[in-house]
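As C-alpha cells, the structure follows; a few thoughts come after it.
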Amino acid sequence: MESLLEGQDSHQTANAILNGDVFLFKQEEQLAGMVMLLTTPSPWDRMLWGDDSLEDAVYVHRLAVNRYYAGQGLGRNILNWVESGIDFPDKHSIRLDCLAGVAALESFYRGAGFVYQGRTDNNYLLFEKNFASRASRTM
C-alpha cells in the first residue's frame with residue numbers, strides 16, 4: 001500500500017516540487033494547503049488506470065489541507081481551482097485516487113463532482129471529472 005505516512009512516495013514529491021508540479025495555497029501568510037498536478041501520468045497512475053486515455057487527463061495527488069484550516073472548504077476550493085483556475089491544453093479530465101474504505105474521502109470527492117470509475121485490485125478507488133468547457137476555463 002502506497003503511503004507517505006509509511007515512508008513511501010511513489011509520486012516523487014521532491015522531484016515534483018522541482019518540476020513545478022506542486023502548488024501551495026496560503027492564507028494569512030500560513031501554508032494552508034497543497035496539491036500536486038501531473039500532466040503526464042506517473043507509474044502509479046499507469047498502474048491504477050491502465051492504458052485508458054492516460055495522456056488526456058491531469059492527475060491529482062497529495063491534496064492536503066493544514067488541519068488549522070480544516071472544515072472551511074479549502075479542499076473543495078483547491079479542486080475548483082484545478083478545474084477552472086488553471087489551463088491545461090489538450091486535457092479533458094481530472095483524475096484522482098484514494099484508498100478504499102475511507103468514507104469521508106469518497107464522500108468529499110463525490111461531493112466535488114467527481115464520478116466513481118471503479119476499484120483497483122490493490123484497494124484504491126478511482127474518480128474522474130471532466131473539465132468545464134474551454135471558454136469558462138480560459139483566463
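The values are calculated or read from the model by the stated rules, or taken from the named source; none is laboratory data. The model shown is predicted, which means the values in this text are computed figures rather than measured ones. All Cβ positions, glycine included, derive from the backbone under ideal geometry; neighbour counts span all protein chains shown. Surface accessibility is based on the protein's heavy atoms, side chains included, excluding ligands, DNA and RNA. Shrake-Rupley method; radii C 1.70, N 1.55, O 1.52, S 1.80 Å.
Looking across the range 34-62, just one residue is charged (D, E, K, R), open to solvent by 60 Å² or more (accessible area, probe 1.4 Å) and under 22 Å from LEU105 (Cα atoms), and that is ARG46.
The single condition among (1) under 20 Å from VAL58 (Cβ atoms); (2) open to solvent by 40 Å² or more (accessible area, probe 1.4 Å); (3) modelled with pLDDT under 90; (4) not hydrophobic (A, V, I, L, M, F, W, C) that GLU28 does not satisfy is (1). Scanning the range 50-62 for residues that are farther than 22 Å from GLN30 by Cα, assigned to a strand (DSSP E or B) and not β-branched (Val, Ile, Thr) yields a total of 2.
Only a single criterion out of (1) touching a Cys at 6+ places or on another chain (Cβ under 7 Å); (2) surrounded by fewer than 17 Cβ atoms within 10 Å (Cβ to Cβ) is not satisfied by SER107, namely (1). Before we move on, is LEU125 modelled with pLDDT of 95 or more, assigned to a strand (DSSP E or B), in contact with a Cys (Cβ under 6 Å, 6 or more places away or on another chain) and not polar (S, T, N, Q)? Spelling it out, LEU125 is indeed modelled with pLDDT of 95 or more, assigned to a strand (DSSP E or B), in contact with a Cys (Cβ under 6 Å, 6 or more places away or on another chain) and not polar (S, T, N, Q).
Could you say which residue among VAL65, VAL102 is open to solvent by less than 60 Å² (accessible area, probe 1.4 Å), more than 14 Å from the chain's Cα centre (by Cα) and farther than 21 Å from ASN130 by Cα? Spell out the reasoning first.
Numbers: VAL65 fails: more than 14 Å from the chain's Cα centre (by Cα).
From the options VAL65, VAL102, the qualifying one is VAL102.
Tell me, which residue of the range 76-99 that is among the acidic types (Asp, Glu) and open to solvent by less than 50 Å² (accessible area, probe 1.4 Å) is nearest to PRO43 (Cα to Cα)? Only one residue tops the list, namely ASP97. Among the residues of the range 105-122, none is identified as assigned to a strand (DSSP E or B) and under 12 Å from the mean Cα position of the chain (by Cα).
For the range 110-128, filtered to residues that are farther than 18 Å from LEU37 by Cβ and among the aromatic types (Phe, Trp, Tyr), the residue that is least open to solvent (accessible area, probe 1.4 Å) is TYR124. Contact map, the range 1-27: residues that are under 21 Å from ASN77 (Cβ atoms) paired with residues that are surrounded by 14 or more Cβ atoms within 10 Å (Cβ to Cβ) and modelled with pLDDT under 85, Cβ distance under 8 Å, separation 6+ or inter-chain. Pairs shown: VAL22/THR13; VAL22/ALA16. Restricting attention to the range 63-104, the residues being among the small types (Gly, Ala, Ser) and part of a loop (DSSP other than H, G, I, E, B) number 6.
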